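In what follows, a structure is listed as structure tokens, so that the remarks can point back to it.
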Amino acid sequence: MQHTPSSENTPRNRHDRPATGPVGGGKSVPPAGWVEFCGERFALTPGLGFSIGRRGDIEIHDSTFPAEAELRIVPVLDLWLVSSSGTGVYARSRCVNAGFEALISPGAQVPLVFATQEILLTVGPTTYEFLVTLNRPVYVAPREGADAVAGVTGVPGLFLTEAQRILILALSESLLRGGSRAPMAPNTQLARSLGWTPNRFARTLTSACTRVDRLGASGLPSGLITHGYERREVLAQLAISTGIATLDALAELDEYRAIHVIGE
């Protein structure tokens, strides 16, 4: 059931945060972005966190909404990170233009890297939809129908080793095959699925992140991945949105497993 506003549960901004709030000395600070919900728009203020719940910047008063359930959007370095908490809470991030959807596991922090993306918070039978817009996104999704760019990966200047490519496909597999219904498997499980040791998996993950991270000038967010904020999820999201990882490419992953994984 999708959420619709009513006289009882219309969201309220607890701090009455203005669109461009005045700060010390009467100066106005432009918002870093916006959160839209039920026809209302709330500012993301640079340097301040934003919360949604029974008590938050957006207050939800539905009787079925648990008191402990909360969605938080916080600034860290040059990123905005979203997290969820509470029993029975299911949250996911979705960017239609980039063609990806990612699970926000309870307790995890997932970067918001696109200019516009949806945050869907499901509590019981009700889904609350929030639209988050960032004025300075770290990544701009390719235009729909844009010409394919050169390079083995579909990203100019980015060339991956076989191990790096296989790892990226393994990280992206759950999103490509089943959307965001299941969290990404732990590193040890993914390593075993490739016939690798955990150490080899960790080393290859680091090298792949470094390789992609250095390509900031080509549209991928320089400095984002190697900071360690859910780097596996960021790497998978970027791989899918740039065409590095596709459903067709998973055939390469299946072939690799058939050759290298024994007894599975």
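Values quoted throughout were computed directly from the atomic coordinates according to the rules given, and no laboratory measurement underlies them. This one's a predicted model, so the numbers in the text were calculated from it and none came from an experiment. Counting neighbours? That spans all protein chains shown, and the Cβs are built from the backbone with ideal geometry, glycine included.
A few comments on the model shown:
- At R0 = 51 Å, FRET efficiency that the Cβ-Cβ distance of Asn199 and Arg54 yields, to 0.05: 0.70
- 3J(HN,Hα) along segment 35-48: 10, 10, 7, 6, x, 10, 10, 10, 7, 8, 8, x, x, 10 Hz, from the Karplus curve 6.51 cos²θ - 1.76 cosθ + 1.60 with θ = phi - 60°, whole Hz, x for Gly and Pro.
- Cβ-Cβ FRET estimate between Leu131 and Ala258, R0 fixed at 35 Å, reported to 0.05: 0.25
- Cleavage-rule hits (chymotrypsin sites (Phe, Trp or Tyr not before Pro)) in segment 54-121: DSSP loop, at most 14 neighbouring Cβ within 10 angstrom: none
- The stretch between Thr188 and Leu247, if pulled fully straight at 0.36 nm per residue, gains 18.9 nm over its current Cα-Cα span.
- Local charge for Leu134 was computed over the other residues whose Cβ lies under 14 Å away, with Lys and Arg +1 and Asp and Glu -1, and equals -1.
- Simple point charges give the picture: +1 on the Cβ of Lys and Arg, -1 on the Cβ of Asp and Glu, and for segment 22-134 a dipole about the Cα centre of about 200 debye.
- Residue-count net charge about Glu36 - beta-carbon cut-off 11 Å; Lys, Arg +1, Asp, Glu -1: -2
- Neighbour-count order for Leu169, Leu134, fewest beta carbons within 10 angstrom listed first: Leu134, Leu169
- Site pair Ala67 and Glu40 shows an inter-label distance of 2.2 nm when each label is modelled 7 Å from Cα along Cα→Cβ.
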